[in-house]
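*Asks:* Have a look at this one before I ask anything.
The values are calculated or read from the model by the stated rules, or taken from the named source; none is laboratory data. The structure displayed is predicted, hence computed values, not measured ones. Methodologically, a virtual Cβ is constructed for each residue, glycine included, from the backbone with ideal geometry; neighbour enumeration extends over all protein chains shown.
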Amino acid sequence: MPDAMLLIAAVGLPFAGAFAAVLLPTHARDAAAWLAGAITLAALAMVWLAFQTVADGGVLRYEIAWMPSVGLDFSLRMDGFAWMFAGLVTGIGFLVVLYARYYMSPEDPVPRFFAFLLAFMGAMMGVVLSGNLIQLVFFWELTSLLSFLLIGYWHHTQGARDGARMALTVTAAGGLCLLAGVLVLGHIVGSYRLDEVLTAGVRIQSHPLYLTALVLILLGALTKSAQFPFHFWLPHAMAAPTPVSAYLHSATLVKAGVFLMARLWPVMAGTDAWFWIVGTAGLVTLVIGAYIAIFQHDIKGLLAYSTISHLGLVTLLLGLNSDLAMVAAIFHMMNHAMFKASLFMAAGIIDHETGTRDIRRLSGLNRSMPFTARLALVAAAAMAGVPLLNGFLSKEMFFAEALTAEAPLPSAFWVLPVLAMVASAFAVTYSLRFIHGAFFGPDPMDLPRAPHEPPAWMRFPVEILVLACIMVGVLPAATVGPFLDMAVRAVLGDATPVYSLAVWHGFNQPLVMSLLALAGGVLLYLLLQRHLLGGAEGVPLLRRLEGQRMFERTMVFLSWRLARTLEALLGTRRLQPQLRLVVGVAVLAAGWAVSLRSFAPGNLLPSDIDPVIALVWVVGAACALGAAWQAKYHRLAALILLGGAGLVTCVTYVWFSAPDLALTQLLVEVVTTVLLLLGLRWLPKRLDAPGARPAEVVTATRRLRDLALAGAAGAGMAALSYGVMTRLPPELLAQHFLKLAYAEGGGTNVVNVTLVDFRGFDTLGEITVLGTVALTVFALLRRFRPAPDSVDLPEQQRDQSAEDEARPDRVDGDSLADWLLVPAVITRLLFPVIGLIALFLLLRGHDLPGGGFVAGLVMSVAFILQYMISGANWVEARLRILPLRWISLGLLLAAGTGMAPWLFGLPFLTAYFSYAELPGLGAVPMASALVFDLGVFLLVVGATVLMLIALAHQSVRGHRAATRPAAARPPIPSAGRIAAAVGED
């Protein structure tokens, strides 16, 4: 299989599996488990197929051009280090899937669980295999989002919601810092490609922005790996199901931080700043995490703090600026994944079979669960660093580096070995507490369930991992040696030091330190046993140093005190002050930016003033001023005058030979004016009479202030436009696009070719925003209720109805509704005609004025006319509109057109143009831009109609709330009909 396909499959298969799992029925437990297992096993096979290439020192690469002009590509890269992590992610992921099949309850929505798990696996594979730093940050934040969903899977519990919120807040904030650091790093290197970054170590460390980039990147890494002072979120993530905890703690989420530090170690490490930041954070986390773990009564809580401590050990090794320390760090990442995954699964088995994880309630499980007890005993011994197990080997390497580390302060050389030995003793203590407290002693009493062994296949993943711990501990060079060497050489290259994985190195200082730590840990457990059996809550000496309390107080300060203070200073419930603030900030920001560039008009002389267009602009200015003047007193008049100003802009486009802009402007004016009219119908009346609220009283000072602000904004835009248009001859700019429009875009309509080809990425972003805005408007208006004074019929219609009732010569059918019958029939007949016009504009848009946006607006006008004349009930009883599907299909078509060039190795949104010979028609131009334009058309129609439906249904609510007799009210559509019109399931 080609290398590119291996990488694409390794990352893409988990996402494809997640999508398939979502489509399964809620209780398809076995089908979801089989699907997740097959997908994970296939991804593991893809990783294994790449082994030989990577073992020979090769690097697998696959790149898809995204935005080459700014250095952004979708890039996958696998070297030995990435291969090792990808193997952990998929290998342990497969065991977790098998374990979860038996752990999850049949009452849980298991397909949703496996969908989240597979998507999380895909995101983690994206982090590991990313060859572009911006892409890495994207997958990094995706892991935070998906871990939020996994931790909060049992969202009906308060603990799950709080733990998920805390994890997302901390890791996502760190991710934003990481993004800023990556941008700085890319600025230093001149590229975001990982290959180029890894060869620019001297340039990075000598740059003035090195410290800025280092701090920002380390904030992202330390928050992700729960390093002090950000360690507090990880124990609260224990509210997740145990399979999630086993996966997050062993091979994925929290390992991402140390992975990133190791990945960038060759170019970022080696400085005093790296030593003090990384080394200090690791050392403090190592000791504090191990100490707190001793006093945890929840088994998963104990294991969570032990994870924090072991990640601190890895971080400390990375901070020592030593090549051998790097070897030890990578080795311990592998060992920790093995014993920590098995321990969490053993804890899950205890919880699953006994109904509790509280060590104070557990004892004597060795008699009822002998196999599980032995497996947990070996895994805990590996965690404690007992000889002949894998944890002992990497711990000895750690002790050796602690003894030989060169600190910037030589007088403190003894601190590191002593604290390393103390932390190791703490590890022995909490490992003993777990094993002795759960499996030895008298038989347990009053457990929720009678303890017994789990199903064999539920225990099988633990057996595999424990066997790996033993084999690595006894035969390290034969079992894990080639993989470790491959990973180390990928990071260090030619600087890879000579190291030994032998079990016996003689009676040396590291061995003495290990024996002292083992003895000290046993002695400490015996001394603390009475205290621990007493069940006292809290951690001695650190009761006040509680991370959750600090986090909650910080959140309260930010979301309550600071937010309330800013709201009191800057916030208001009225729209006018908000707009005043926004416009004011925009004027200041633009003025500051322009002043930095020494703004001045260009050297082109203005054209002569044409009296006709000048007269048109006088009319437009009068309309604009009139709209501003009437906005306070008469909304309808202001809207009409505003439409007049828009029409003047449309005429201006026509005058300057811009038919596309003129057509778009005209249709935008029509659609927005009608939608605004529908919205104005439901606003409350103005309160201008005496006794109005003080906040609504208009003073002369306020009017002058608003006039000055509006004048500054308008004058600034006019000056900026004048300065821009006098700097570049329009002929040169036009000739450039005229020359390239047909040669590279396959169309003669330069405007449309620019929108769908030259600036297609901008257009894709704009229609995405448009769809988001439409969904937001609909969501807001679904819960909106009309003002009480806007529910009754308008005054004019009420007067007409009264006149009809009072006419003595009135006969049946002679009413306002009858007079509206003729235009209603005409409008219904026009619907297909307008649709054909929209299709005509869509198809001709690439060569003549038109295009997807204009065609979408024309089609929207057809729907608007139907709603205005016939009403929401009549339209939705006859048309199944489904705007949500229009929006979705439009985005898929536009994005799919952009991704199609990837199949041919071309950049995103590269246009294709050719002629097709059709019988009877001859050569017919075919351009991929037509499909993109079709997506624009569908999205514009869907977004406009969605907002139209939201506004139209206010009339339904208005009739429901009115006090008129029931016979006079129009039929009210049910919620199901409204949902059917929108396209909701």
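*Asks:* Taking the condition part of a helix (DSSP H, G or I), touching a Gly at 6+ places or on another chain (Cβ under 7 Å) and at pLDDT 65 or above, does Ala779 pass?
*Replies:* Considered against the rule, which asks whether it is part of a helix (DSSP H, G or I), touching a Gly at 6+ places or on another chain (Cβ under 7 Å) and at pLDDT 65 or above, Ala779 comes out as no.
*Asks:* Could you tell me whether any residue of the range 662-683 is over 43 Å from the mean Cα position of the chain (by Cα) and not assigned by TED's automatic domain parsing to the domain that holds Gly942?
*Replies:* Scanning the range 662-683 turns up no residue that is over 43 Å from the mean Cα position of the chain (by Cα) and not assigned by TED's automatic domain parsing to the domain that holds Gly942.
*Asks:* Here is a list of conditions, (1) modelled with pLDDT of 85 or more; (2) assigned to a loop (DSSP other than H, G, I, E, B); (3) in contact with a helix residue (DSSP H, G or I) (Cβ under 7 Å, 6 or more places away or on another chain), and Pro442 meets all of them except one; can you say which number that is?
*Replies:* It is condition (3) that Pro442 fails.
*Asks:* Could you tell me whether Met859 is surrounded by fewer than 19 Cβ atoms within 10 Å (Cβ to Cβ) and under 25 Å from Thr772 (Cα atoms)?
*Replies:* Judged against the criteria, Met859 is not a match.
*Asks:* OK, next. If you take the residues in the range 45-92 that are hydroxyl-bearing (Ser, Thr, Tyr) and touching a strand residue (DSSP E or B) at 6+ places or on another chain (Cβ under 8 Å), which one is farthest from Leu6 (Cα to Cα)?
*Replies:* Per the stated criteria, the residue is Ser75.
*Asks:* On to the next question. Modelled with pLDDT of 90 or more, closer than 29 Å to Met486 by Cβ and within 23 Å of the chain's Cα centre (by Cα): which single residue out of Phe94, Phe116, Phe51, Phe85 fits that description?
*Replies:* It is Phe85.
*Asks:* What pairs come up if the first residue lies in the range 188-216 and is assigned to a loop (DSSP other than H, G, I, E, B), the second is among the polar types (S, T, N, Q) and surrounded by 14 or more Cβ atoms within 10 Å (Cβ to Cβ), and their beta carbons are under 6 Å apart, counting only those six or more places apart or on different chains?
*Replies:* Within 6 Å, the pairs are Tyr192/Asn132.
*Asks:* Further question: Of the numbered conditions (1) crowded, with 21+ Cβ neighbours inside 10 Å; (2) over 24 Å from Gly186 (Cα atoms); (3) among the aromatic types (Phe, Trp, Tyr), Phe81 fails exactly one; give the number of that condition.
*Replies:* Every condition holds for Phe81 apart from (2).
*Asks:* Just to be sure I understand, how many residues within the range 496-511 are outside any loop (DSSP other than H, G, I, E, B) and either closer than 17 Å to Leu389 by Cα or touching a Pro at 6+ places or on another chain (Cβ under 8 Å) (or both)?
*Replies:* Qualifying residue count for the region: 2.
*Asks:* Now for a different question. Any idea which of Leu562, Leu545 is among the aliphatic types (A, V, I, L, M), at pLDDT below 80 and not in a helix (DSSP H, G or I)?
*Replies:* Only one candidate qualifies: Leu545.
*Asks:* Specify which of the listed residues (Ala100, Ala119) is out of contact with any Pro (no Cβ under 6 Å at 6 or more places or on another chain) and either in contact (Cβ under 8 Å) with a residue 24 or more places away in the chain or assigned by TED's automatic domain parsing to the domain that holds Ala346 (or both).
*Replies:* Residue meeting the stated conditions: Ala119.
Yes/no per residue for (1) β-branched (Val, Ile, Thr); (2) touching a Phe, Trp or Tyr at 6+ places or on another chain (Cβ under 7 Å); (3) free of Cβ contacts under 8 Å to residues at least 60 places away in the same chain:
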residue: Val585; (1), (2), (3): yes, no, yes
residue: Ala624; (1), (2), (3): no, no, yes
residue: Ile640; (1), (2), (3): yes, no, yes
residue: Val648; (1), (2), (3): yes, yes, yes
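*Asks:* I would also like to ask the following. Of everything in the range 655-668, what is out of contact with any Cys (no Cβ under 7 Å at 6 or more places or on another chain) and surrounded by 15 or more Cβ atoms within 10 Å (Cβ to Cβ)? Give them in sequence order.
*Replies:* Answer for the range 655-668, where residues must be out of contact with any Cys (no Cβ under 7 Å at 6 or more places or on another chain) and surrounded by 15 or more Cβ atoms within 10 Å (Cβ to Cβ): Ala658, Asp660, Leu661, Leu663, Thr664, Leu667, Val668.
*Asks:* Output the residue which, of all residues in the range 442-454 that are within 24 Å of Phe339 (Cα to Cα) and more than 40 Å from the chain's Cα centre (by Cα), is surrounded by the fewest Cβ atoms within 10 Å (Cβ to Cβ).
*Replies:* That would be His452.
*Asks:* If you take the residues in the range 8-58 that are more than 23 Å from Val96 (Cβ to Cβ) and among the aliphatic types (A, V, I, L, M), which one is surrounded by the most Cβ atoms within 10 Å (Cβ to Cβ)?
*Replies:* Among them, the one singled out is Val54.
*Asks:* Of all residues in the range 35-58, how many are in contact (Cβ under 8 Å) with a residue 60 or more places away in the chain and either farther than 16 Å from Met124 by Cα or among the small types (Gly, Ala, Ser) (or both)?
*Replies:* So the answer is 7.
*Asks:* Then there's this: Being at pLDDT below 85, assigned to a helix (DSSP H, G or I) and either buried (at least 19 other Cβ atoms within 10 Å of the Cβ) or touching a Leu at 6+ places or on another chain (Cβ under 7 Å) (or both) is true for just one of Ala943, Ala981, Ala894, Ala911. Which residue is that?
*Replies:* Matching residue, one of Ala943, Ala981, Ala894, Ala911: Ala981.
*Asks:* Taking the range 412-440 on its own, how many of its residues are crowded, with 18+ Cβ neighbours inside 10 Å, small (Gly, Ala, Ser) and either farther than 15 Å from Ala293 by Cβ or not assigned by TED's automatic domain parsing to the domain that holds His531 (or both)?
*Replies:* Number of matching residues: 1.
*Asks:* Of all residues in the range 575-617, how many are surrounded by 12 or more Cβ atoms within 10 Å (Cβ to Cβ) and part of a loop (DSSP other than H, G, I, E, B)?
*Replies:* Matching residues across the range 575-617 total 4.
*Asks:* Touching a residue at least 24 places away in the same chain (Cβ under 8 Å) and at positive phi: is that true of Ala226 in this structure?
*Replies:* yes
*Asks:* Restricted to the range 349-366, and to residues that are over 29 Å from Pro106 (Cβ atoms) and of a type outside the set (S, T, N, Q), which residue is surrounded by the fewest Cβ atoms within 10 Å (Cβ to Cβ)?
*Replies:* Only one residue tops the list, namely Arg360.
*Asks:* Within the range 469-490, is even one residue surrounded by 19 or more Cβ atoms within 10 Å (Cβ to Cβ), closer than 26 Å to Ser363 by Cβ and not small (Gly, Ala, Ser)?
*Replies:* Yes: the range 469-490 contains one or more residues that are surrounded by 19 or more Cβ atoms within 10 Å (Cβ to Cβ), closer than 26 Å to Ser363 by Cβ and not small (Gly, Ala, Ser).
*Asks:* Let me ask something else about it. Surrounded by fewer than 22 Cβ atoms within 10 Å (Cβ to Cβ) and under 30 Å from Pro907 (Cα atoms) - does that describe any residue in the range 122-134?
*Replies:* yes
*Asks:* For the range 880-889, check the following and say yes or no: at least one residue is of a type in the set (Val, Ile, Thr), in a helix (DSSP H, G or I), over 18 Å from Thr664 (Cβ atoms) and in the same structural domain as Gly771 (by TED's automatic domain parsing).
*Replies:* yes
*Asks:* If you don't mind, another one. Quick one: in the range 716-744, of everything that is of a type in the set (Phe, Trp, Tyr) and within 18 Å of Val756 (Cα to Cα), which residue is modelled with the lowest pLDDT?
*Replies:* Selected residue: Phe737.
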